[in-house]
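The structure under discussion appears below in the form of structure tokens.
What follows is calculated from the coordinates using simple rules that are stated; it is not laboratory data. All values reported here derive from a predicted model rather than from experimental measurement.
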Amino acid sequence: MKKNILLISLAIIFLGVLCYDYVTDYSSLAMDSGFDTSYSSESSGSSSSDSDYDRPSYSYQSDNSNNRTDYVNLNPKQARLFALWMTFFFFSIIYLWILFLKESWAKKKKYLLRPLPFLGVWILCSLVIPHMISLVVALILTIIIFLVYAIKKQKIMTNQTKPSKEEQALIDECYKIFYDVQMAWMNFDYDKMRELVTDELFNQYQNQLKQLEIVGEKNIMKGFRYLNGEIIRNRKTNGKRIISLIMKVKFYDYIINQEGKIVRGKDKFRVKMTYKLNFIADEGATNICPNCGSHLTDSMSKCPHCNTIIHSTRKALKLSSKKVIDQS
């Protein structure tokens, strides 16, 4: 972060150096030393009455000119300098705010790039238009660019198909299963996880959790926030219901050791994850214990009568696979 703050500061200084020659009015440095001499030499031969007659008029015009310059209008140099300083001040505040956001660095880089078109518009207007109106023009152009972005974003969101009530209910059910799996993973709750995932996935998760237990580490996953989901497949094959969906969520994800210190990940910002989740349900199952024949409910992973472990994927949905598509 310190490196990027330094780069931004150097960029602002570099722009200031480039703009200095353009906004500096060198006419104030030019000296016309012959004017006063000729004026004094010609006036030496004139009468005192003529000199007295001309002097009040000259002083009056000079005073009016100074009043107009000081209180009414700014010269081009002053206007450009004021506009540039306002631009650098305003956008420096924006960039500092972005840098101190509690987000991942990948997301901060995206935010840092977005104000660049607006910064370019403000600098261009400040240099080209030598008047205070340049800030107003820059603000109007900024609003126009913002409206173009907003309209484009709205069209993209409009083109996306919204799920029906039935699809949304199914997505909510899948998210609940996904969330419960993460909680079981974090708490090393093998019995709960066995109810929520297939046998293949359970064996995989069990081996990974055993490795964490050996080294004395724990994966903290909290602060979940559901963003959106889309069902890409929902079909029935050979008596099994197979559901695939894309789901985006945000949550805190980091690993601590036995002393509670963070060894991997960060607890200061949420990670944004995009998953492809596959669920399966055996709709043809009879929910009967294969050992004693007792009737079971979908949530049971153990027979209450003979304590037999049930390994079949019954009517209830179970998570069969989870794949990370994108992470930021």
Could you name the lysines whose alpha carbon sits less than 23 Å from that of K322, not counting residues in the same chain fewer than 8 places away?
K176, K192, K210, K218, K222, K236, K240, K248, K250, K266, K272, K276
Quick one: which residues, 5+ away or cross-chain, put their amide H under 5 Å from the amide H of K302? H built at 1.01 Å from N.
I310
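Out of every Cα-Cα pair in the stretch 165-327, what percent are more than 22 Å apart? Mind dumping the intermediate values first?
On the way: 6386 of 13203 pairs.
That tail contains 48 percent of the Cα-Cα pairs.
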